[in-house]
Amino acid sequence: MIETVGSTADGDLIINIGPQHPATHGVLHLVVTLHGETIKKVEPHLGYIHRSIEKMCESLTYRQYIYVTSRMDYLSSHINNHACSLIVEKGLQIEVPPRAQVIRVLMDELTRIASHELWWGAMAMDLGAFTPFFHAFREREVINDIMEETCGARLTMNYLLPGGVLDDIHPNFQRKVKDFIKLFKSKIDEYDEMVTGNIIFQSRMKDVGYISAADAISFGCSGPTLRGSGVSCDVRKIYPYEIYDKLDFEEVLESGGDSFARYMVRIREMKQSIRIIEQLIDNIPEGEFQAKTKAVLKLPKGEFYQRVETARGEFGIYIVSEGGTTPYRIKFRSPGFSNLSALDHMARGGKIGDLVAMMGTLDLVIPDIDR
Amino acid sequence: MDQEALKIAITALLPSASVEEGTEWLTINIEPTEWLSLAQQLRNDEFLLFDYLFCVTCVDWKTHVSMVYHLSSTTFRHNMVVKAKLDKAKPEIESVSKIWRTAELHEREQYEMFGVQFLNHPDLRLLILPDGWEGKNPMLKDFDDPINMIKL
Amino acid sequence: MFLVNYIKEIFGALKSLMVGMRRTLFYFTNHKQIITEQYPDNRATLKLADRFKGEVVMPHDENNEHRCTGCTACELACPNGTIKVVTKFDITPEGKKKKAIDKLVYHLELCTMCNLCITACPSDAIVMAQTFEHSVFDRNQLTKVLNKEGSKIMEGIE
Amino acid sequence: MWSFSEIANMIHTWLNDTFSPTLVTIIEMVIMGVLVISLFAVLGLILVIMERKVSAWMQIRLGPNRVGPKGIFQSAADTLKLLMKEAMTPNGADKFLFNFAPYLAIIVAMLLMAPIVFAKDFTMWDLNIGVLYVSAVSSLSVISILMAGWASNNKYSLLGAMRSGAQIVSYELSAGLAILTVVVLTGTLNLNEIILSQQNGWWIFKGHIPIIISFLIFIIAVTAETNRAPFDLAEAESELTAGFHTEYSGMKFALFFLAEYVNVFIVCAIGATLFLGGWMPFHIGNWEGFNHIMDYIPSSLWFFGKTFFLIFLIMWFRWTFPRLRIDQLLNLEWKYLLPISMVNLLIVTAMAILGWHF
């Protein structure tokens, strides 16, 4: 039981941030012990939207379970689906046609930019600046429109199948993506003007929520959170999947370890994603967009693990298969869950305002944590 | 370190561990009692340095329960899997939250979903389930919830 | 030296604030940049992408005929039991019994628009429609029967 | 042309001719009260729609555009909605203080209206210590916030109120010092006389750099004093949900809201009076033609124009900047604004003694 009311014996206040709170962006419940404005302890209290996706997946076939994973980290749903497809392809040794691979990677990177856009807006809003939120949505909408045209949905696309993609790209796709790149490049400097360079923003972010590299590894952080502490951990570079090993992009590293470093990692990552898209958009190979697969997919007996890099970090799927049409046990290693575990460590000694900034830079998506 | 070298290093550390064949990553089966000391060695050995615990899974095999730990090293980039077979009636294993601090939350999740007792865990409470949850652990295979289950 | 740094700091801070204010002033004065879509008013011009997944429908031709054979492939493909196929037996002119659908029940409230039923259908009997205004006051209205009253299967579809 | 003062004098003479002096005083007070309350209502309506439009345009949105032409009646509709909402009092709250706090906030705002010079020779109370009165009464507003935060029996409210207390008390200092620079130059505390002293140029033009610095400090300090972003720590919706008015609903919430906007108007009016010459028209040296044209614009328009420009400035801040943290907020005051304004006051005093200003 967590004590959620009143004050402690030392006279410290216990404050519930969440389940309904503007800064948690979802139904995260943090029980915070406060000494004045200073945080002494942060205890996460989860489960408000736990749907037990792992249990649900035990009764779904390998084609059906993909759509459930879109509902976990809904901001990078396409990348989650990607992991699901990859693990089935790995188990069945399906050769994915090159066209499908390129389309998948393009969509991954577009999803990453869209996710970081939303994070950027929400992050600024957490710190009290409303305007960047709307500016971020201007670019994000363009990506969503591209997604809608090709995948048929804006957020939970369900565009992937084991063996390829559901449908070929829309004829307008290439033109629209190029337009988007042009738009994005003209607007990315505005982000620095509005937020990054702002003295108030910098003083709110610098030296806040510091986590050392060793601690970040011990807490199992991944993605921008770990890269902000200077540890190289990009799955796309270290354990490359699809065509990432043939692409030319940098892994973004910052050594600060504070909120500002994590912020800069994400901002620079958007530019790297644009770089990947620019390399691919004119070079989509012709050919099939789907491999021939059997009507009923049966994963061979054994254990499979696949990890991908979502916008939030390393997303892993662990499947124990008994050879049937459904997984025997499936486990999703979600980046948010591990990143959340570091929050208490980061927040101690900070102020309430810092807690909001930290949650912003951890980029928590609650369904991803609760699964 | 590649898989063969890892295998030799691990068997040198713990001769009683049995290595599973035909897996993507080196997979070893151990007794739950050996886990804590092995974990310490895996974490601190200068040639292994498994400092990144990225996945803690519990699998209900109906006859027994097994814990699966996915480990990786951020320095050497090698991965391995450690499995421990637990007793179904009284599943117990040492907590590794002192070695990898991420384990604290992961173990709490497995504790409430599978009922695995993590010994010497600093704070073994319900995390996701509502306070005062009684009855079976929901992720077990024989769990049935006639009230909240939506039947189609 | 301390004083110089102090003053420099202040001027740097003021400049960074000015830069942000210039950007907001730009948008304040440039109303052409406004991107608001006035949704219910622009229904006439609102064009959804042709692949947009709004709901599952079953197209009928002018003779009130559809292409569904009642094979239940869609029902099996659906991850959450959105589709129920209720079959009946028709008597063909030759006097043979032939399986056909009585009702194809579609629960819009359960549908996640994953498109699996569409890809599973062997005779292209169902498609995704581009409608999206699904809100109703009674959830029973979300349970729909896709085949029309008195419709029958097209000639030559097996 | 008819000016406000002429109309006021006309009414005054007519009343004196018709009624006895006691009755005249009572009638004039009633008229005054009605005028202040209606000014309140109008200000609230205008400032709310202005804020929403300003924010919308900065955020590349259209803003309210459904109620009335271009949405100008939106704030009236909002008021109607707030009026119809249930005014709840939480269970553990201190009932009397909880219900009294919003009225206290509005009373303080009303009191501040008294010495403001709205147009040439048009003021409610021509007070010889106007500046002192304003700075004294405006410090009372912190009491209503503390009262609301404490009485709500909510930890968010309490934290918000405590922040607000620390904030308003400290920013009062630099606001007061910034006002003092002008007082030193004019040698009077009377707002009317301060305006008259700017006949040959507004203080911001003839006061050299020190006055510009004190104008900047004044704007920053009053933004903090009125709890506006980037200093809206008492509300801080992303940290404390709504700070000291978390538990308020309906009209009681609206009163806080109204008091905030009226306070913004008042501080901007004071700023316009002290630094931008109040109702004084804009004159350039010896350009007789230009100056004549400027004189044709009614004095009340000059006053409201300057005030609304300052209000826009404060709104502009709000929709551009992120919020400060509480310790940074106090750092800014004690480490930057206060030392600077003290040195600045010294310089201005020297300037006034040596007569260096124009």
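The values are calculated or read from the model by the stated rules, or taken from the named source; none is laboratory data. It should be emphasised that the depicted structure is a prediction, and the values quoted were computed from it without experimental measurement. Quick reminder, even Gly has a Cβ in these numbers, built from the backbone with ideal geometry, and neighbours come from all protein chains shown. Surface accessibility is based on the protein's heavy atoms, side chains included, excluding ligands, DNA and RNA. Shrake-Rupley method; radii C 1.70, N 1.55, O 1.52, S 1.80 Å.
Looking at residue C:21 and the list (1) within 12 Å of another protein chain (Cβ to nearest Cβ); (2) in a loop (DSSP other than H, G, I, E, B), which single condition is not satisfied?
Exception for residue C:21: condition (2).
Which of (1) touching a Lys or Arg at 6+ places or on another chain (Cβ under 9 Å); (2) under 21 Å from residue A:70 (Cα atoms) is the odd one out, the single condition residue A:312 does not satisfy?
Tallying (1) touching a Lys or Arg at 6+ places or on another chain (Cβ under 9 Å); (2) under 21 Å from residue A:70 (Cα atoms), residue A:312 fails exactly one: (1).
Out of the residues in the stretch D:295-349 meeting the condition of being within 19 Å of residue D:280 (Cβ to Cβ) and in a loop (DSSP other than H, G, I, E, B), tell me which one is most open to solvent (accessible area, probe 1.4 Å).
It comes out as D:297.
Suppose we filter C:109, C:75 for residues that are part of a helix (DSSP H, G or I), modelled with pLDDT of 80 or more and within 17 Å of the chain's Cα centre (by Cα); which single one remains?
On the way: C:75 fails: within 17 Å of the chain's Cα centre (by Cα).
Checking each option against the conditions leaves just C:109.
Let's see how each residue does on (1) under 30 Å from residue D:244 (Cβ atoms); (2) open to solvent by less than 20 Å² (accessible area, probe 1.4 Å):
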{"position": "D:170", "(1), (2)": "yes, yes"}
{"position": "D:176", "(1), (2)": "yes, no"}
{"position": "D:181", "(1), (2)": "no, yes"}
{"position": "D:203", "(1), (2)": "no, yes"}
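Which of the residues that make up the stretch C:84-126 are of a type in the set (Asp, Glu) and touching a residue at least 24 places away in the same chain (Cβ under 8 Å)? Steps first, please.
From the stretch C:84-126, those of a type in the set (Asp, Glu) are C:90, C:94, C:102, C:109, C:124; that's our starting set.
Those that are of a type in the set (Asp, Glu) and touching a residue at least 24 places away in the same chain (Cβ under 8 Å): C:90, C:109, C:124.
Considering D:32, D:50, D:88, which residue is in a loop (DSSP other than H, G, I, E, B), touching a residue at least 12 places away in the same chain (Cβ under 8 Å) and not small (Gly, Ala, Ser)?
On the way: D:32 fails: in a loop (DSSP other than H, G, I, E, B); D:50 fails: in a loop (DSSP other than H, G, I, E, B).
Matching residue, one of D:32, D:50, D:88: D:88.
For residues that are among the aliphatic types (A, V, I, L, M) and outside any loop (DSSP other than H, G, I, E, B), scanning just the stretch B:101-131, find the one that is nearest to residue B:91 (Cα to Cα).
B:119
Quick one: how many residues across the stretch B:61-77 are assigned to a loop (DSSP other than H, G, I, E, B), within 11 Å of chain A (Cβ to nearest Cβ) and not hydrophobic (A, V, I, L, M, F, W, C)?
Final tally of qualifying residues: 5.
Of the conditions (1) assigned to a helix (DSSP H, G or I); (2) out of contact with any strand residue (DSSP E or B) (no Cβ under 9 Å at 6 or more places or on another chain); (3) open to solvent by 10 Å² or more (accessible area, probe 1.4 Å); (4) at pLDDT 85 or above, residue A:56 fails just one. Which one is it?
(4) is the only condition that residue A:56 fails.
Restricting to the stretch A:59-88, and then to whatever is open to solvent by 10 Å² or more (accessible area, probe 1.4 Å) and in a helix (DSSP H, G or I), can you tell me which residue is farthest from residue A:25 (Cα to Cα)?
A:86
Let's see how each residue does on (1) more than 14 Å from chain D (Cβ to nearest Cβ); (2) open to solvent by 40 Å² or more (accessible area, probe 1.4 Å); (3) not aromatic (Phe, Trp, Tyr):
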| residue | (1), (2), (3) |
| --- | --- |
| A:294 | yes, yes, yes |
| A:302 | yes, no, yes |
| A:339 | yes, no, yes |
| A:347 | no, no, yes |
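Which residue, of A:153, A:83, is more than 14 Å from chain D (Cβ to nearest Cβ), without any contact (Cβ under 8 Å) to a residue 40 or more places away in the chain and more than 21 Å from residue A:262 (Cα to Cα)?
After applying the criteria, what remains is A:153.
If you go through the stretch B:71-111, how many residues are in contact (Cβ under 8 Å) with a residue 24 or more places away in the chain and touching a Gly at 6+ places or on another chain (Cβ under 9 Å)?
Residues meeting the conditions: 5.
Considering only the stretch B:1-17, I want to know if a residue exists there that is within 16 Å of the chain's Cα centre (by Cα), over 26 Å from residue A:334 (Cα atoms) and part of a loop (DSSP other than H, G, I, E, B).
Residues of the stretch B:1-17 within 16 Å of the chain's Cα centre (by Cα): B:17.
Narrowing further to those that are over 26 Å from residue A:334 (Cα atoms): B:17.
After this cut, where a residue has to be part of a loop (DSSP other than H, G, I, E, B) as well, the list is B:17.
The answer is yes, given that some residue of the stretch B:1-17 is within 16 Å of the chain's Cα centre (by Cα), over 26 Å from residue A:334 (Cα atoms) and part of a loop (DSSP other than H, G, I, E, B).
What number of residues within the stretch D:53-70 satisfy the criterion of being closer than 15 Å to residue C:30 by Cβ, of a type outside the set (Gly, Ala, Ser) and either outside any loop (DSSP other than H, G, I, E, B) or away from chain A (no Cβ under 14 Å) (or both)?
Quick first cut of the stretch D:53-70, residues closer than 15 Å to residue C:30 by Cβ only: D:53-54, D:56-63.
Now restrict to residues that are of a type outside the set (Gly, Ala, Ser): D:53-54, D:57-62.
With either outside any loop (DSSP other than H, G, I, E, B) or away from chain A (no Cβ under 14 Å) (or both) added as a condition, the list becomes D:53-54, D:57-58.
Qualifying residue count, the stretch D:53-70: 4.
So which of A:288, A:278, A:309 ends up being among the acidic types (Asp, Glu) and modelled with pLDDT under 85? If you could, list the steps in order and put the result at the bottom.
Values: A:278 fails: modelled with pLDDT under 85; A:309 fails: modelled with pLDDT under 85.
Testing whether each residue is among the acidic types (Asp, Glu) and modelled with pLDDT under 85 leaves just A:288.
Limited to the stretch B:67-80, what total is found for residues that are on the phi < 0 side of the Ramachandran plot and open to solvent by 10 Å² or more (accessible area, probe 1.4 Å)?
Pass one, the stretch B:67-80, residues on the phi < 0 side of the Ramachandran plot: B:67-76, B:78-80.
Subset that is open to solvent by 10 Å² or more (accessible area, probe 1.4 Å): B:74-76, B:79.
Qualifying residue count, the stretch B:67-80: 4.
If I ask for residues that are more than 12 Å from chain D (Cβ to nearest Cβ) and in contact with a strand residue (DSSP E or B) (Cβ under 7 Å, 6 or more places away or on another chain), which ones from the stretch A:1-27 would you list?
Result: A:2, A:3, A:8, A:19.
Spot the failing condition for residue A:242; the list is (1) open to solvent by 10 Å² or more (accessible area, probe 1.4 Å); (2) over 23 Å from residue B:79 (Cα atoms), and only one is missed.
Just one mismatch for residue A:242, condition (2).
Among (1) among the polar types (S, T, N, Q); (2) more than 19 Å from the chain's Cα centre (by Cα); (3) surrounded by 18 or more Cβ atoms within 10 Å (Cβ to Cβ); (4) not assigned by TED's automatic domain parsing to the domain that holds residue A:301, there is one condition residue A:24 misses while meeting the rest; what is its number?
(2)
Report the residue count in the stretch A:211-230 for those that are in contact (Cβ under 8 Å) with a residue 60 or more places away in the chain and crowded, with 18+ Cβ neighbours inside 10 Å.
Going through the stretch A:211-230, the residues in contact (Cβ under 8 Å) with a residue 60 or more places away in the chain turn out to be A:211, A:215-216, A:219-226, A:228.
Now restrict to residues that are crowded, with 18+ Cβ neighbours inside 10 Å: A:211, A:216, A:219-226, A:228.
Residues in the stretch A:211-230 being in contact (Cβ under 8 Å) with a residue 60 or more places away in the chain and crowded, with 18+ Cβ neighbours inside 10 Å: 11 in total.
Among the residues of the stretch B:2-14, are any at pLDDT 85 or above and out of contact with any helix residue (DSSP H, G or I) (no Cβ under 9 Å at 6 or more places or on another chain)?
So the first thing to find is which residues in the stretch B:2-14 are at pLDDT 85 or above, and the list is none.
No, every residue in the stretch B:2-14 fails to be at pLDDT 85 or above and out of contact with any helix residue (DSSP H, G or I) (no Cβ under 9 Å at 6 or more places or on another chain).
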